[in-house]
Amino acid sequence: MIPDGPYTAVVDEIEAGTARLELEGPDGDLYDLYVNTEQLPEDGRHESAVLNVEVEEETLVTAEYDATETERRQKSMRDRFERLSQRPPDEDTE
């Protein structure tokens, strides 16, 4: 059961008109909520979009796209991937 209240949501996946949102509450608890993509703001209808949402009785009441946080998280993921893709020096070549 998802408690009523505000959450930060990330669009985890979209399939056949249904979006799975991963909700993170102020206390750090995580929940999944499935919604029709039409309930999301148009600019937030893509995977990894960050939304500020309000949930009541396990129903999405409001959703606002957070472009700044979406870009920050995507940049962080790109930077992490870039660091991980760089191989450490081979010990045999030293």
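The values are calculated or read from the model by the stated rules, or taken from the named source; none is laboratory data. For clarity, every value in this text was computed on a predicted model and none was experimentally measured. Quick reminder, even Gly has a Cβ in these numbers, built from the backbone with ideal geometry, and neighbours come from all protein chains shown. Side chains are part of the model used for accessible areas, which takes the heavy atoms of the whole protein and leaves out ligands, DNA and RNA. Shrake-Rupley method; radii C 1.70, N 1.55, O 1.52, S 1.80 Å.
Accessible area per residue for the chain in Å², computed with a 1.4 Å probe and the full protein assembly in place, what is it?
Solvent-accessible surface per residue comes out at 72 Å².
If each of residue 68 and residue 31 carries a label point 7 Å out from its Cα toward its Cβ, how far apart are those two points in nm?
Placing both labels 7 Å beyond Cα along the Cβ direction yields 2.6 nm.
Between rounded, prolate and oblate, where does segment 18-76 land on the alpha carbon gyration tensor, with a ≥ b ≥ c its root eigenvalues, rounded for a/c under 1.5, else prolate if a/b exceeds b/c?
Because a/c hits 1.5 or more and a/b fails to exceed b/c, segment 18-76 counts as oblate.
Ignoring any ligand, DNA or RNA, what whole percent of the accessible area of the chain comes from carbon and sulfur when the probe is 1.4 angstrom?
Whole-percent figure for carbon plus sulfur exposure: 45.
Once you have the Cα-Cα distance between residue 56 and residue 24, take 0.36 nm times their residue separation minus that, and quote the gain in nm to one decimal.
That pair, residue 56 and residue 24, stretches by 10.1 nm at full extension.
What value, in deg cm²/dmol to 500, does the helix sum -39500 (n - 2.57) over DSSP H runs of n ≥ 4 give at 222 nm once divided by the residues of the chain?
Value at 222 nm, helices only: -7000 deg cm²/dmol.
Which of the GluC sites (Glu not before Pro) found in segment 1-73 are loop residues per DSSP with 13 or fewer other Cβ atoms within 10 Å of their Cβ?
For GluC sites (Glu not before Pro) across segment 1-73 that sit outside H, G, I, E and B with at most 13 neighbouring Cβ atoms in 10 Å, the list reads 47, 57, 58.
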